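Have a look at the structure below, then the notes.
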């Protein structure tokens, strides 16, 4: 049995024995099952955020900011709770941190398919590469905050990079 299958079985076992709040935390942290896909759960979690982005893209900026804040708070809570339930630190199946990081990357960017694709790849690039201080944050900050904070910094890097690219493209025209 592969390690990923074993981890999925641990999550299913924990889910069966959990109370309602813990089940909710697990479902949220694995982003409704996106984190259970084998191989690249972070990429699947990021992709799982796209429908959410499309749902809130039409909102005014202040409501988008409030929505992002609620997602971040939910991500910190559910990641922390899920780590406690599973008894592991930052398991790969927890992907709500990618959801929060990707939303930070794209939520204040005007929607176009090109912007969405660029945001996706920029976020994945920074999330995987983990330039400073992301690696340090990942090692130093514990609990749900630690799980989410490194992805928020990756999201910030991706957002700033995308803004710069859009500025350069506008300037070039």
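Every read-out reported here was derived from the displayed coordinates using simple, explicitly stated rules and does not represent laboratory data. The shown structure was predicted, so the numbers you read here are calculated from the model rather than taken from an experiment. Methodologically, a virtual Cβ is constructed for each residue, glycine included, from the backbone with ideal geometry; neighbour enumeration extends over all protein chains shown.
The length gained by stretching the chain between residue 61 and residue 160 to full extension, at 0.36 nm per residue less their Cα-Cα distance, is 33.9 nm.
Relative to the longest principal axis of the Cα atoms of the chain, the long axis of helix 3-16 lies at roughly 70 degrees. The label point for residue 169 and the one for residue 20, both projected 7 Å from the Cα toward the Cβ, are 4.6 nm apart. Counting only alpha carbon atoms, the long axis of helix 96-106 and the longest principal axis of the chain meet at about 10°. With both labels modelled 7 Å from their Cα along Cα-to-Cβ, the residue 89 to residue 117 distance reads 4.0 nm.
Packing-wise, with mean Cβ within 10 Å as the measure, how do 83-94, 157-168 rank, highest first?
For the peptides 83-94, 157-168, the packing ranking is 83-94, 157-168.
Taking Cα atoms only, the orientation of helix 143-172 departs from the longest principal axis of the chain by about 20 degrees. Remark: the residue 135-residue 108 segment gains 7.2 nm on full extension, using 0.36 nm per residue and subtracting the alpha carbon distance. Placing a pseudo-label 7 Å from each Cα along the Cα-to-Cβ vector at residue 52 and residue 9 gives an inter-label distance of 3.0 nm.
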